[in-house]
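Here you go, one structure.
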Amino acid sequence: MPKKLIEIAAEILHAQVSLTPMSVAEIDLSLRQIFGVLCELQKAETAGIDIECAQLAAKEVAAAKLTPQDSIQNDKVICLECGKEMLQLTTKHLVSHEMNQKEYKKKYGFAMGTPLAANSLIKARSKAAIKRGLPDKLRQYLEARRRDKVQPSVQAEIATVTTGIQKPVLTPQNSIQDDKVICLECGAEMRQLTSKHLVSHGMNQKEYRQKYGFSMQTPLAAKSVSKAQSKAAKKRGLPEKLTQLNEARRKEKTESAAQSAGANPAGKPRRSILRKKNAV
């Protein structure tokens, strides 16, 4: 005698309970679900209908009743085209419905930023991304892109504003700058205004200084070069040696003056003394 559907359902439930402990409410619900599935299978078998086609038709009907919000659940996402359940609604699956993700979202009213995946999968990916530091890296990347977009526009504005501004007139005072010196004859920029360059203008450094009102002690070089040369000179002890040299010269002049004074104590000129001798 063939078993009744309820008996088959009870056997299936018994096997399930032996593997997983269940409450009374869970047993009641599970028994009803198993019995319902068995009834559907029996009807399909009696009517000679392909079970897979019947299941697909049932899924399509269920999908038609679903809202876009309900289609994305915690452990699955349900395709609103065919009712198929999966963890993620892939591009490959949507191609079978002759559409891509953008078209699917547009058709069913999803926002373009909505991921077509189960909520649990989205959370797991988000945690993994945070662990790898992807949100910070993405933020830095977006900030860098914004800066790259802003800088050209700012530079264009500056160029537009400065186009109508006249350049300052070059004077002897501003020709010697921190990183360069500008030749007042030809406008050439260099680190140091050399004698070789000034020869091309038919003058030397002394004549150049006199022409443009520089003092003779003004170095014709960029301020940074003058500072570097001054530091190097101090390091080699040149200022002290120069002081010693000047003092030695002053001593020599003083001693020579004293010697000449000792040779002529009266302080009279030799010519007058010789004249008196000749007169006698």
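The values are calculated or read from the model by the stated rules, or taken from the named source; none is laboratory data. Note that this is a predicted model, so its numbers are computed, not measured. So basically every Cβ, Gly included, is an ideal-geometry build from the backbone, and we count neighbours across all protein chains shown.
Identify, by number, the condition in (1) surrounded by 13 or more Cβ atoms within 10 Å (Cβ to Cβ); (2) more than 19 Å from Pro68 (Cβ to Cβ) that Pro115 doesn't meet.
So the condition that Pro115 fails would be (2).
When you check Leu87 against the structure, is it farther than 15 Å from Leu66 by Cβ and crowded, with 16+ Cβ neighbours inside 10 Å, yes or no? Spell out how you get there, then give the answer.
On the way: farther than 15 Å from Leu66 by Cβ: yes; crowded, with 16+ Cβ neighbours inside 10 Å: no.
No: the conditions fail for Leu87.
Let me ask something else about it. Please work out if Lys180 is at pLDDT 90 or above and basic (Lys, Arg). Spell out how you get there, then give the answer.
Working: at pLDDT 90 or above: yes; basic (Lys, Arg): yes.
Yes, satisfied.
Let me ask another. Just give me the residues in the range 45-93 being modelled with pLDDT under 55 and small (Gly, Ala, Ser), in sequence order.
Scanning the range 45-93 gives Ala54, Ala57, Ala58, Ala62, Ala63, Ala64.
May I ask you to list pairs of residues, at least six apart or on different chains, whose Cβ atoms are under 9 Å apart, with the first in the range 55-81 being among the hydrophobic types (A, V, I, L, M, F, W, C) and the second being modelled with pLDDT under 55 and buried (at least 17 other Cβ atoms within 10 Å of the Cβ)?
Partner pairs satisfying both residue conditions: Ile78/Ala63; Cys79/Ala63; Leu80/Ala63.
Still on this structure: State which residue is farthest from Thr67 (Cα to Cα) when the search covers only the range 90-112 and only residues that are exposed (fewer than 15 other Cβ atoms within 10 Å of the Cβ) and among the hydrophobic types (A, V, I, L, M, F, W, C).
Val95
Out of the residues in the range 206-242 meeting the condition of being under 20 Å from Asn174 (Cβ atoms) and small (Gly, Ala, Ser), tell me which one is surrounded by the most Cβ atoms within 10 Å (Cβ to Cβ).
Restricting to residues being under 20 Å from Asn174 (Cβ atoms) and small (Gly, Ala, Ser), the top hit is Ala222.
Let me ask another. Tell me whether the range 166-176 contains one or more residues that are surrounded by 12 or more Cβ atoms within 10 Å (Cβ to Cβ) and either acidic (Asp, Glu) or at pLDDT 85 or above (or both). Give the derivation first.
If we filter the range 166-176 for residues that are surrounded by 12 or more Cβ atoms within 10 Å (Cβ to Cβ), which is where we start, we get 170, 172, 175-176.
Of the ones still in play, those that are also either acidic (Asp, Glu) or at pLDDT 85 or above (or both) are 175-176.
The answer is yes; a qualifying residue exists.
Can you find a residue that is at pLDDT below 80, out of contact with any Phe, Trp or Tyr (no Cβ under 9 Å at 6 or more places or on another chain) and not in a strand (DSSP E or B) anywhere in the range 183-206? I'd like the intermediate steps shown before the answer.
Taking the range 183-206 and keeping what is at pLDDT below 80, we get none.
No, there is no match, as no residue in the range 183-206 is at pLDDT below 80, out of contact with any Phe, Trp or Tyr (no Cβ under 9 Å at 6 or more places or on another chain) and not in a strand (DSSP E or B).
Is one or more of the residues making up the range 251-264 more than 49 Å from the chain's Cα centre (by Cα), modelled with pLDDT under 80 and of a type in the set (Ser, Thr, Tyr)?
There is at least one residue in the range 251-264 that is more than 49 Å from the chain's Cα centre (by Cα), modelled with pLDDT under 80 and of a type in the set (Ser, Thr, Tyr).
Restricting attention to the range 118-135, and to residues there that are surrounded by fewer than 11 Cβ atoms within 10 Å (Cβ to Cβ) and part of a helix (DSSP H, G or I), which single residue is nearest to the chain's Cα centre (by Cα)? Steps first, answer last, please.
Pass one, the range 118-135, residues surrounded by fewer than 11 Cβ atoms within 10 Å (Cβ to Cβ): 127-128, 131-133.
Next, only the ones that are part of a helix (DSSP H, G or I) stay: 127-128, 131.
Values: Lys127: 25, Ala128: 24, Lys131: 22 Å.
Applying the filter and picking the extreme gives Lys131.
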